[in-house]
Amino acid sequence: MSYPVKKLSNGISIPYMGMGTFGSDRYGAREVSAAVKDAVEYGYRLIDCASVYQNEDLIGKLLADVLADGKIKREDLFIQSKVWNDMHHKGDALLSCAKTLKDLQLDYLDLYFVHWPFPNFHPPGCDVDSRSPDSRPFITEEFMAFWQQMEKLVDMGLVKSLGMSNMTIPKMEAVLPLCRIKPVALEMELHPAFQQPELFDYCIKNNIQPIAFCPIGSPERPDRDTTSEDVAATQMPVIVDIAKAHNVPPAIICLKWATQRGQIPIPFSVRPNEYKSNLECGVTDPLTDAEMEAIKKADANCRLIKGQVFLWEGATDWHCLWDEGGTINGWNC
């Protein structure tokens with residue numbers, strides 16, 4: 001079965017739904033990579049990777065096995081990855097990309113993201129209160145110096161498209177006019193409990209494709225990223241009621257909403273029944289206009305991935321990262 005694709009602003013096609021590979025500290029690299037192999041053989045063509053997930057080498061080995069028999073060709077796949085925060089220095093973009101390509105056993109990436117817009121490193125699995133003494137707020141000049149490294153990767157043929165992630169409208173407005181090669185996509189947290197309508201609309205207006213992480217509210221995210229105030233998208237009454245009407249799990253309604261709204265969700269699962277039904281759900285039994293409107297009105301504005309570990313010395317809390325006052329927050333937030 002063929003699945004829908006969307007056109008990015010540079011004319012490149014991207015599948016309408018992908019598969020995430022962040023194991024959320026709950027699944028090992030072998031379990032995740034095995035699920036990726038099976039998912040690709042089932043029909044997935046978009047795979048969302050990142051160097052920090054520490055599984056690109058095993059994913060690459062199994063992707064190579066899939067490609068070896070010739071039934072699926074490299075050009076059939078859309079593989080994207082992200083450069084991590086500890087690789088924002090001069091020359092690091094090429095080093096990071098080269099390692100990802102080696103690990104994934106690929107000659108090029110279809111899309112390469114700046115994972116977070118500031119070089120604030122924290123080790124995988126650290127406590128949410130962990131702070132690096134070298135952490136810095138977003139600084140336009142520093143970001144653009146790194147973005148120019150990313151642009152060179154396109155010039156070299158190592159990357160076909162560039163993307164940003166975890167950005168805000170003030171940050172986007174600061175950098176977009178300075179980009180020689182503009183981002184074709186923004187990876188952002190999007191689910192029924194956190195719809196980010198202003199940023200979503202900003203992306204659409206500027207021909208930037210929203211790609212949704214945590215599309216079902218990330219129920220298996222690390223415990224360190226969970227607070228008592230969080231709203232679970234799959235437990236929202238409107239989602240539960242619509243799921244009953246369609247006789248499907250609430251997670252499927254979250255994904256139907258995502259694809260019909262226009263974002264590209266990248267749900268994660270290692271369970272075959274889940275990732276197979278995820279891929280199918282966007283092409284069968286669509287939500288009604290009334291159901292879409294009911295979900296829109298239920299937005300709880302609940303950010304789950306708050307980013308506390310990226311705070312710099314002197315920052316008051318995680319709200320400083322997200323420019324909620326309409327301007328870029330600096331050292332004195």
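Scanning residues 5 or more positions from Leu46 or on other chains, those with amide H under 5 Å from its amide H are Met19, Phe78, with H placed 1.01 Å from N in the peptide plane. Checking the Cα-Cα distances for Lys6/Lys244; Lys7/Lys205; Lys61/Lys276; Lys37/Lys61 against a 18 Å cut-off, the pairs over it are Lys6/Lys244; Lys61/Lys276.
Taking the Cβ-Cβ separation of Asp92 and Ala290 as r and a Förster radius of 45 Å, what is the calculated FRET efficiency to the nearest 0.05? Spell out each step's value before the answer.
Details: r = 49 Å, r/R0 = 1.09.
The pair Asp92/Ala290 has a calculated efficiency of 0.35.
Name the residues of the range 98-128 whose amide N is less than 19 Å from a point 7 angstrom out from the Cα of Ile139 along the C-beta direction? Backbone N within reach: 115-122.
Using Cα pairs under 8 angstrom and six or more residues apart, how large is the relative contact order of the range 142-185, in percent?
Value for the range 142-185: 47 percent.
Can you give me the Cα centroid spacing of the range 122-141 and the range 44-117 in angstrom? One Cα centre to the other: 24 Å.
Which Cα, out of Pro265, Tyr202, Ile295, lies furthest along the positive dipole direction of the range 195-316 (beta carbon charges, K/R +1, D/E -1)? Farthest towards the positive end: Pro265.
Treat every Asp and Glu Cβ in the range 5-320 as -1 and every Lys and Arg Cβ as +1, leave all other atoms uncharged, and give the resulting dipole magnitude about the Cα centre to the nearest 20 debye. It would help to have the intermediate numbers written out before the result.
Values: 33 positive and 43 negative charges, 137 e Å.
The dipole magnitude comes to about 660 debye.
Summing Lys, Arg as +1 and Asp, Glu as -1, what charge do residues with Cβ under 10 Å from the Cβ of Ile72 carry, Ile72 excluded? Can you show the working numbers first?
On the way: positive: Arg45, Lys71, Lys73, Arg74; negative: Glu41, Asp69, Glu75, Asp76.
Surrounding charge for Ile72 is 0.
Remark: the range 250-266, residue by residue, has Karplus-estimated 3J(HN,Hα) of x, 4, 5, 5, 4, 6, 4, 4, 4, 5, 6, 6, x, 8, 9, x, 10 Hz, where x stands for each Gly or Pro and the curve is 6.51 cos²θ - 1.76 cosθ + 1.60 at θ = phi - 60°. Take the Cβ atoms of Gln54 and Ser9, set R0 to 30 Å, and the FRET efficiency comes out at 0.45.
Along the Cα-to-C-beta direction of Arg74, a point sits 7 Å from the Cα; which residues of the range 15-34 have their amide N less than 19 Å from that point? Counting only backbone N, you get 15. Would you mind pulling out the separation of the Cα centroids of the range 142-163 and the range 263-279, in Å? Answer, in whole Å: 30. By definition, a body whose alpha carbon gyration tensor gives a ≥ b ≥ c is rounded when a/c is under 1.5, and the chain falls into this rounded group.
Summing charges over neighbours of Phe138, with a neighbour being any other residue whose Cβ is under 10 Å away from its Cβ, gives 0 when K and R count +1 and D and E count -1.
Sorted ascending by nearby beta carbons within 10 Å, beginning with the fewest, Lys171, Lys73, Lys6, Lys102 become Lys73, Lys102, Lys6, Lys171.
Secondary structure note: in the range 5-320, about 15% of the DSSP beta bridges are antiparallel.
With K and R counted +1 and D and E -1, the other residues having a Cβ less than 14 Å from that of Met188 yield a net charge of -1.
Here, each number is a calculation from the coordinates, and none is a lab measurement. Everything quoted here is computed from the prediction, not taken from an experiment. Methodologically, a virtual Cβ is constructed for each residue, glycine included, from the backbone with ideal geometry; neighbour enumeration extends over all protein chains shown.
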